[in-house]
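I have placed the structure first, in the form of structure tokens, so that the comments after it can refer back to it.
The values are calculated or read from the model by the stated rules, or taken from the named source; none is laboratory data. Bear in mind that the values here come from a model prediction, so they are computed numbers and not experimental data. A quick note on method: Cβ atoms are made from the backbone with ideal geometry, for glycine too, and the neighbour counts reach across all protein chains shown.
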Amino acid sequence: MIKNFLHAPKQVQESSHGGQGPVDLYEIWAGPDFKSNVDFMDRVVVPPGSTVGTHKHGNNEEMYIVLDGRGTMTVDGKPVAIKKGDMILNPAFGEHGLVNDSGSDIDLLVIQIATA
């Protein structure tokens, strides 16, 4: 099956994981599309001033791949500057959040995989 992530339908999420401002979510693949433990693959666009609130997932790993933009990602209480090309692995049961403290969108590919 082939999909073009640039043509996925847009959903606007207000206060993503308790964050501030809107975040655009484009669901590309969902769990039932896979035969593996992949939960989802989404494109997420975080505009300037918006955040993905600090949160924890359960027994799954989540990777953020920065397609464009820059901001500040917090993983387990440690803030780190991120930029285009960075890949951030959020471990199972780990805590993470994202702040767009730049003047342009952060464009992400987010992949979540169950560990068991």
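Per-structure values
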read-out: Some residue of region 4-18 being surrounded by fewer than 13 Cβ atoms within 10 Å (Cβ to Cβ), among the basic types (Lys, Arg) and over 20 Å from residue 69 (Cβ atoms); value: no
read-out: Condition met for residue 69 (buried (at least 16 other Cβ atoms within 10 Å of the Cβ), farther than 16 Å from residue 112 by Cβ and in contact with a Lys or Arg (Cβ under 7 Å, 6 or more places away or on another chain)); value: yes
read-out: Sole residue being surrounded by fewer than 18 Cβ atoms within 10 Å (Cβ to Cβ), of a type outside the set (A, V, I, L, M, F, W, C) and at pLDDT below 95, chosen from 77, 21; value: 77
read-out: Test for residue 96: is it surrounded by 16 or more Cβ atoms within 10 Å (Cβ to Cβ) and either outside any strand (DSSP E or B) or at positive phi (or both); value: no
read-out: Members of region 66-83 that are touching a Leu at 6+ places or on another chain (Cβ under 7 Å) and not in a strand (DSSP E or B); value: none
read-out: Strands (runs of 3 or more DSSP E) wholly inside region 8-65 that include at least 1 residues being free of Cβ contacts under 8 Å to residues at least 24 places away in the same chain and not hydrophobic (A, V, I, L, M, F, W, C); value: 10-14, 22-30
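Per-residue answers, yes or no, for (1) closer than 20 Å to residue 4 by Cα; (2) over 13 Å from the mean Cα position of the chain (by Cα); (3) modelled with pLDDT of 95 or more; (4) among the β-branched types (Val, Ile, Thr):
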residue	(1), (2), (3), (4)
60	no, yes, no, no
68	yes, no, yes, no
86	no, no, yes, no
97	no, no, yes, no
101	no, yes, yes, no
